[in-house]
Amino acid sequence: MSRPPLPPFTRETAAQKARMAENAWNSRDPVKVSLAYTEDSTWRNRAEFFQGRAAIVEFLARKWSKEHEYRLIKDLWAFDRNFISVRFQYEWHDHAGQWFRSYGNENWEFDEHGLMKRREASINDVAIKDNERRFHWPAPGPRPADTPGLAPVPK
């Protein structure tokens, strides 16, 4: 299976890969998201370490059962050959209705077929009030094209 764009990445294809990942995660479909990763993909997400598509699906299903009305923006931070780094923010609320903005960055490594074989994510959560929310597009679903990212792509 191939998942274009393929490495080695250019600024344009790395930004495209980041937006594709953002759109997939905003679908909140664990199986769909897992198909962008190799069968044996290794992950670090916060303090969790796991490997493989089945573990990815389980993790994402658990995540999105707790993080309601999840909306995410990922912006390209850096790239080189088959590596991409992004910074991101997402907003969500818990079962009690408390809103959070989660800030983080991810480092990705891709195989020659454009599948992610390694993902490392560092994330911090900040409680916010409903009127402090920034992301208001319908969820689940992709960020509208006219909704800006977090910052311009680094030069």
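The values are calculated or read from the model by the stated rules, or taken from the named source; none is laboratory data. Remember, predicted model here, so these are calculated numbers, not experimental data. We place every Cβ from the backbone using ideal geometry, glycine too, and count neighbours over all the protein chains shown. Side chains are part of the model used for accessible areas, which takes the heavy atoms of the whole protein and leaves out ligands, DNA and RNA. Shrake-Rupley method; radii C 1.70, N 1.55, O 1.52, S 1.80 Å.
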Looking at THR38, THR10, which one is open to solvent by less than 20 Å² (accessible area, probe 1.4 Å) and of a type in the set (S, T, N, Q)? THR38
Exactly one of LEU60, LEU115, LEU76 is at pLDDT 95 or above, under 19 Å from ASP29 (Cα atoms) and touching a helix residue (DSSP H, G or I) at 6+ places or on another chain (Cβ under 8 Å), and that residue is LEU60
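So that you can scan it fast, the table gives a plain yes or no per residue for (1) part of a loop (DSSP other than H, G, I, E, B); (2) modelled with pLDDT of 95 or more; (3) closer than 17 Å to TYR70 by Cβ:
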position: PRO4; (1), (2), (3): yes, yes, no
position: PRO7; (1), (2), (3): yes, yes, no
position: GLN16; (1), (2), (3): no, yes, no
position: ASN26; (1), (2), (3): no, yes, yes
position: VAL31; (1), (2), (3): no, yes, yes
position: THR42; (1), (2), (3): no, yes, no
position: PHE49; (1), (2), (3): no, yes, no
Qualifying residue in segment 116-138 (condition: assigned to a strand (DSSP E or B), within 18 Å of ARG19 (Cβ to Cβ) and touching a Ser or Thr at 6+ places or on another chain (Cβ under 8 Å)): yes
Quick check on GLN98: is it loosely packed, with under 15 Cβ neighbours inside 10 Å and touching a residue at least 12 places away in the same chain (Cβ under 8 Å)? yes
Neighbours by Cβ (under 6 Å, 6+ apart or cross-chain): first from segment 70-95, without any contact (Cβ under 8 Å) to a residue 40 or more places away in the chain and in a strand (DSSP E or B); second among the polar types (S, T, N, Q) and surrounded by fewer than 21 Cβ atoms within 10 Å (Cβ to Cβ): SER85/ASN107
